[in-house]
Amino acid sequence: MRRILLMIIAGLLLVAALSAQDKTLNIYRTNGEVKRFALGTVDSILVDTTEMMLRVFRVDGSLRNIAITTIDSMNYTSDEASLPEVHLLSADYDRNTKKATCVLEIVDDGGCDIYEKGICWSTAPDPTIENLHQTTGGTFGSYYGSTSALPNGRKYYIRAYASNCMGTVYSEAIEVKTLSGNVTYTLAVDPDQYPEYHQLLTAALDSACYFYNAYATFDANIYVYYNAGIPTAQANYHGSIGFGPNTSYMWVGTVMHEMAHYFGSGTTAKWQSLMQGGVWQGATAQALCQQLTGSILRGDNNANPIHYWPTGINYRNEVSSVTDLVNHAKIVQAMLIVDCGLPASW
């Protein structure tokens with residue numbers, strides 16, 4: 001008996017004549033991944049031209065969706081076995097080891113033994129075993145893997161892979177961004193005496209540390225304290241950061257603003273020497289600010305400038321999105337480390 005499969009992909013009508021010997025549908029994707037389906041497990045195939053998806057309905061009730069734009073080619077083979085199915089469930093970066101620990105799972109061995117599996121990674125999308133990779137053996141099921149130490153401040157793409165008698169197949173990629181800095185804090189606020197202050201400051205400090213660690217290279221443990229006499233918040237160069245009882249300042253924007261002062265923005269003679277006539281004279285931060293915001297990097301026009309803008313987060317309305325916090329960290333890094341030459345750690 002022969003079957004005819006009709007499909008429309010990218011405006012083309014494809015007609016495939018299937019014989020009784022055909023056992024496997026092979027879908028080759030543009031990223032090197034191959035999806036294989038035993039025909040006995042396929043109930044029907046639908047080409048959704050509205051969503052541009054190839055929908056493979058399986059007899060067990062499951063559904064596989066494949067974007068048509070990612071399909072390179074398709075064919076049928078009479079192989080008894082097929083490629084395995086492997087998924088990368090998670091990839092978590094550990095700043096202490098500088099490695100990404102991954103959880104992987106092989107849900108289908110393809111009908112023959114898995115002889116190798118592992119993870120591969122690269123700074124380019126869709127890594128393969130030709131890039132950096134780690135092998136974890138050939139046991140079917142779930143397993144762990146980890147990368148080697150990853151350099152700071154870079155984005156990596158990680159995929160799981162598995163090999164059986166039919167070849168090697170890859171999972172979808174997960175992006176992992178390594179952190180650049182190591183900013184931590186010591187919060188000297190009694191959680192029993194001031195539970196609200198402690199909760200708000202912990203959340204704000206955690207967020208501020210994340211943005212500085214992801215987009216700058218400062219390395220410091222900052223002492224943060226509470227003093228009822230502080231009207232807003234305050235900081236000094238390589239000293240400490242203090243907050244008063246006004247909770248409107250206990251948020252990530254104010255914390256990052258004060259951290260900038262702690263790192264040397266507005267609190268060092270070198271920074272003040274580059275804020276001339278209300279315009280930042282450092283070439284790197286000035287160019288970066290204009291690139292990121294479209295505005296000239298300016299500041300106080302007096303003998304002892306303290307604040308800058310845009311992205312100085314001098315006021316709450318300067319932050320309308322996460323991008324503003326990211327740009328703040330990048331510009332502070334450019335001002336203090338590149339233009340001023342101040343130390344990133346001490």
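The values are calculated or read from the model by the stated rules, or taken from the named source; none is laboratory data. It should be emphasised that the depicted structure is a prediction, and the values quoted were computed from it without experimental measurement. Here the Cβ is made from the backbone with ideal geometry for all residues, glycine too, and neighbour counts use every protein chain on show.
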- Note on the structure: Subset of the range 254-274, residues outside any loop (DSSP other than H, G, I, E, B) and surrounded by 15 or more Cβ atoms within 10 Å (Cβ to Cβ), comes to 254, 255, 256, 257, 258, 259, 260, 261, 262, 263, 271, 272
- Query: For the range 51-93, what are the residues that are under 29 Å from the mean Cα position of the chain (by Cα), among the acidic types (Asp, Glu) and loosely packed, with under 15 Cβ neighbours inside 10 Å?
  - Reply: 51, 72, 92
- Query: Out of all the residues in the range 234-247, is one or more aliphatic (A, V, I, L, M) and either assigned by TED's automatic domain parsing to the domain that holds residue 152 or out of contact with any strand residue (DSSP E or B) (no Cβ under 6 Å at 6 or more places or on another chain) (or both)?
  - Reply: no
- Task: Output the residues belonging to the range 213-231 that are at pLDDT below 95 and outside any loop (DSSP other than H, G, I, E, B).
- Result: 213, 214, 215, 219
- Message: It is to be established whether one or more residues within the range 189-201 are closer than 28 Å to residue 178 by Cβ and either surrounded by 13 or more Cβ atoms within 10 Å (Cβ to Cβ) or among the aromatic types (Phe, Trp, Tyr) (or both).
- Response: yes
- Considering 228, 203, 188, 269, which residue is among the hydrophobic types (A, V, I, L, M, F, W, C) and closer than 30 Å to residue 301 by Cβ? 269
- Query: How about the range 109-142: which of its residues are surrounded by fewer than 17 Cβ atoms within 10 Å (Cβ to Cβ), touching a residue at least 24 places away in the same chain (Cβ under 8 Å) and of a type in the set (Asp, Glu)?
  - Reply: 113, 116
- Query: Can you name every residue in the range 220-240 that is buried (at least 16 other Cβ atoms within 10 Å of the Cβ), touching a residue at least 40 places away in the same chain (Cβ under 8 Å) and of a type outside the set (Gly, Ala, Ser)?
  - Reply: 222
- Item | Verdict on residue 251 being assigned by TED's automatic domain parsing to the domain that holds residue 305, buried (at least 20 other Cβ atoms within 10 Å of the Cβ) and in contact (Cβ under 8 Å) with a residue 12 or more places away in the chain | no
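Criterion first (in contact with a helix residue (DSSP H, G or I) (Cβ under 7 Å, 6 or more places away or on another chain), assigned by TED's automatic domain parsing to the domain that holds residue 209 and farther than 22 Å from residue 184 by Cβ) does residue 319 satisfy it? Let's see the steps before the verdict.
On the way: in contact with a helix residue (DSSP H, G or I) (Cβ under 7 Å, 6 or more places away or on another chain): yes; assigned by TED's automatic domain parsing to the domain that holds residue 209: yes; farther than 22 Å from residue 184 by Cβ: yes.
Taking the combined requirement at face value, the residue satisfies it.
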- Residues 71, 4: which one is more than 18 Å from residue 160 (Cβ to Cβ) and at pLDDT 80 or above? 71
- Query: Is it true that some residue in the range 180-192 is under 27 Å from residue 321 (Cα atoms), assigned to a loop (DSSP other than H, G, I, E, B), modelled with pLDDT under 95 and touching a helix residue (DSSP H, G or I) at 6+ places or on another chain (Cβ under 8 Å)?
  - Reply: yes
- Query: Is one or more of the residues making up the range 310-333 surrounded by fewer than 16 Cβ atoms within 10 Å (Cβ to Cβ) and on the phi > 0 side of the Ramachandran plot?
  - Reply: no
- Task: Kindly provide the set of residues from the range 27-75 that are among the hydroxyl-bearing types (Ser, Thr, Tyr) and touching a helix residue (DSSP H, G or I) at 6+ places or on another chain (Cβ under 8 Å), ordered by number.
- Result: 30
- Message: Criterion first (surrounded by 19 or more Cβ atoms within 10 Å (Cβ to Cβ), of a type outside the set (Ser, Thr, Tyr) and in contact with a helix residue (DSSP H, G or I) (Cβ under 8 Å, 6 or more places away or on another chain)) does residue 158 satisfy it?
- Response: no
- Note on the structure: For the range 272-312 the number of residues that are of a type in the set (A, V, I, L, M) and either within 12 Å of residue 335 (Cα to Cα) or in contact with a Leu (Cβ under 8 Å, 6 or more places away or on another chain) (or both) is 8
- Flag for residue 208 being assigned by TED's automatic domain parsing to the domain that holds residue 319, buried (at least 20 other Cβ atoms within 10 Å of the Cβ) and at pLDDT below 95: no
- Query: residue 296: assigned to a loop (DSSP other than H, G, I, E, B) and either touching a helix residue (DSSP H, G or I) at 6+ places or on another chain (Cβ under 8 Å) or under 26 Å from residue 185 (Cβ atoms) (or both), yes or no?
  - Reply: yes
